[in-house]
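Take a look at the structure set out below.
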Amino acid sequence: MNFLKPSPLEQLSAYLDGKLTPRQRADLETQLAANPQLRADLEALRRTRTVLRAAPRLRAPRNFTLTPQMVRARPQLPTFYPYLRWSTALTGILVFFILLGNHLVLPLTTARNAAPMLTESAPMLLESPADAAAPLRLPTDETPPADLLPVPEGMGAGGGGGTAPDEFTSPEMLTATIAITASEPISQPFAVAALPPEDTAPSAKIAGDQNLPQPIPETFPTEQNTQDWRILEIALVLLAVFQAILLWYYRWRSGAH
Amino acid sequence: MNEPQLIADATQGDLDAFNRLVLAYQDLAFHQAYRMMGDPDSAADAVQEAFISAYTKLSTYRGGSFKAWLMRIVTNACYDELRRRKRRPTTPLEPLTNDDEEIESPRWMTDPGETPEDRAERMQLNHAIQECLNDLSPDFRAVVALVDVQGYDYEEASGILSAPLGTIKSRLARARARLRDCLQGVWELLPDAFRLSGERVP
């Protein structure tokens, strides 16, 4: 099925050569009968074709027979030439993607080097459930002042019958305090409860290292990996250049342009 | 001439067998090359290249019309030569007439039986046709040379040029239209027989 109708010019040209289908010929002849301009166009084409067909037939000015020297003089392209061409193209594509990776992907992954350093230090704060009961230790091993620690309700504050610093640092009290700050809403009345040390582990979100984010394994490129990629990149570039030179040499030698 | 046998022998490396094929087809090849290139020297170069290429590529001939296979190689050689000339334009060395027109060598256009008047008429016609062909693009020129000048069928031209049939029809129609306009400009220069209405039997 023809989706595009041939132009009137194409139809006239094909009509001259008898290349229309019977239906197309009948349609065109109907149009020709009704359209003098179309008939004039057809006649002009017919005359042109007549002139062309009358063009003198030319003879070869000399013999074009071959000599052994003609055939031997030009070395042919080697049989592996098509494979060399494909190989050069593939090497070039590989080099392109490796260069792209080195200059786009690598800087992004290098930025992630700093992130695991922070998570690695987190488990160091509390290494065991026992540490949850111990006085809170900062990385610099400084104990915060007592007045910075949250004061539970009912225990008083300041000088009005407040708890003595000694009582506040007892394991039970500290555990209860941690339980409040970590998991219970502040508005709830404080219930003094001496939680056994072993119970503090599940309630204290910061107790134990099983709830802490695990250190991220080292999958990002290290310096050694980067060096390996660089060597591969250089090797592929050299290979691509060498193959391109070979391709050019064989084509030049065979005389192909 | 047993063409299949000659082709088989030539494929085995028999240069003499191939040269017999060259002698059989060189006029046809030169005519096509001349119509595409527009001058005899370039056409001769293209034809020589084409025959060398045909001999070395005989192994790629898979049967069918040897003439069409050879003409495809000749046409491609002409395309290559035209591209080369486009990159490095050359100046023709042939002497020019007073009107700055090249003196065409009559050697390859001579017909022993014709009168001088007939020869002059033929040269005039040839000059007019070639001038108009030279104004066409190589693709259009190739189609017109094959179909209208050499007499190939649409299907044969499609095989030689490795183009779909629709493309051949379209290019031929447009080439004829351009030649019609070009030849109208030199109509008074054509032999009388072509300026009369009706067809002239060659």
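The stretch B:132-202 holds helices (runs of 4 or more DSSP H) entirely within its bounds, and those carrying 1 or more residues that are modelled with pLDDT of 80 or more and either of a type in the set (Gly, Ala, Ser) or surrounded by 13 or more Cβ atoms within 10 Å (Cβ to Cβ) (or both) map to B:138-144, B:154-161, B:165-185. Please verify whether the stretch A:1-21 includes one or more residues that are under 28 Å from B:Asp45 (Cβ atoms) and either surrounded by 13 or more Cβ atoms within 10 Å (Cβ to Cβ) or out of contact with any strand residue (DSSP E or B) (no Cβ under 8 Å at 6 or more places or on another chain) (or both). Scanning the stretch A:1-21, I find no residue that is under 28 Å from B:Asp45 (Cβ atoms) and either surrounded by 13 or more Cβ atoms within 10 Å (Cβ to Cβ) or out of contact with any strand residue (DSSP E or B) (no Cβ under 8 Å at 6 or more places or on another chain) (or both), so the answer is no. Would you confirm whether any residue within the stretch B:115-124 is within 25 Å of B:Leu28 (Cα to Cα), in contact with a Gly (Cβ under 8 Å, 6 or more places away or on another chain) and either at pLDDT below 70 or open to solvent by 40 Å² or more (accessible area, probe 1.4 Å) (or both)? Checked against the condition, which is being within 25 Å of B:Leu28 (Cα to Cα), in contact with a Gly (Cβ under 8 Å, 6 or more places away or on another chain) and either at pLDDT below 70 or open to solvent by 40 Å² or more (accessible area, probe 1.4 Å) (or both), the stretch B:115-124 yields no hits at all. Scan the stretch B:45-89 for residues that are more than 10 Å from every other protein chain (Cβ to nearest Cβ) and β-branched (Val, Ile, Thr) and the total you get is 4. Quick check: anything in the stretch B:88-100 out of contact with any helix residue (DSSP H, G or I) (no Cβ under 7 Å at 6 or more places or on another chain), at pLDDT 60 or above and assigned to a helix (DSSP H, G or I)? Taking every residue of the stretch B:88-100 in turn, none turns out to be out of contact with any helix residue (DSSP H, G or I) (no Cβ under 7 Å at 6 or more places or on another chain), at pLDDT 60 or above and assigned to a helix (DSSP H, G or I). May I ask you to verify whether A:Arg85 is open to solvent by 50 Å² or more (accessible area, probe 1.4 Å) and either within 30 Å of B:Phe140 (Cα to Cα) or within 13 Å of chain B (Cβ to nearest Cβ) (or both)? Against the criterion (open to solvent by 50 Å² or more (accessible area, probe 1.4 Å) and either within 30 Å of B:Phe140 (Cα to Cα) or within 13 Å of chain B (Cβ to nearest Cβ) (or both)), A:Arg85 does not qualify.
Among residues of the stretch B:22-44 that are at the interface with chain A (Cβ under 7 Å from one of its Cβ atoms), those with a Cβ under 6 angstrom from a residue that is of a type in the set (Lys, Arg) and surrounded by fewer than 22 Cβ atoms within 10 Å (Cβ to Cβ), sequence gap 6+ or separate chain, pair up as B:Asp27/A:Arg59.
Residues considered: A:Pro61, A:Pro82, A:Pro78. Of these, the only one that is within 30 Å of B:Asp14 (Cα to Cα) and part of a helix (DSSP H, G or I) is A:Pro82. Scanning the stretch B:141-158 for residues that are small (Gly, Ala, Ser), at the interface with chain A (Cβ under 10 Å from one of its Cβ atoms) and free of Cβ contacts under 8 Å to residues at least 40 places away in the same chain returns a single hit, B:Gly151. Can you give me the number of residues within the stretch B:20-36 that are of a type outside the set (Asp, Glu) and open to solvent by 10 Å² or more (accessible area, probe 1.4 Å)? The number of residues fulfilling the criteria is 6.
Condition (residue is among the polar types (S, T, N, Q), at pLDDT below 90 and in a loop (DSSP other than H, G, I, E, B)) applied to the stretch B:44-62: is it met by at least one residue? No, the conditions are met nowhere in the stretch B:44-62.
Scanning the stretch A:22-58 for residues that are of a type in the set (A, V, I, L, M, F, W, C), surrounded by 15 or more Cβ atoms within 10 Å (Cβ to Cβ) and outside any loop (DSSP other than H, G, I, E, B) yields A:Leu28, A:Leu32, A:Leu38, A:Leu42, A:Ala44, A:Leu45, A:Val51, A:Leu52.
The residues on offer are A:Val71, A:Val95, and the sole one that is within 11 Å of another protein chain (Cβ to nearest Cβ) and hydrophobic (A, V, I, L, M, F, W, C) is A:Val71.
The values are calculated or read from the model by the stated rules, or taken from the named source; none is laboratory data. In this text the structure is predicted, and so the values were computed from the model without any measurement. Cβ: placed from backbone, ideal geometry, glycine included. Neighbour counts: every protein chain shown. Note: areas computed on protein heavy atoms with side chains; ligands, DNA, RNA excluded. Shrake-Rupley method; radii C 1.70, N 1.55, O 1.52, S 1.80 Å.
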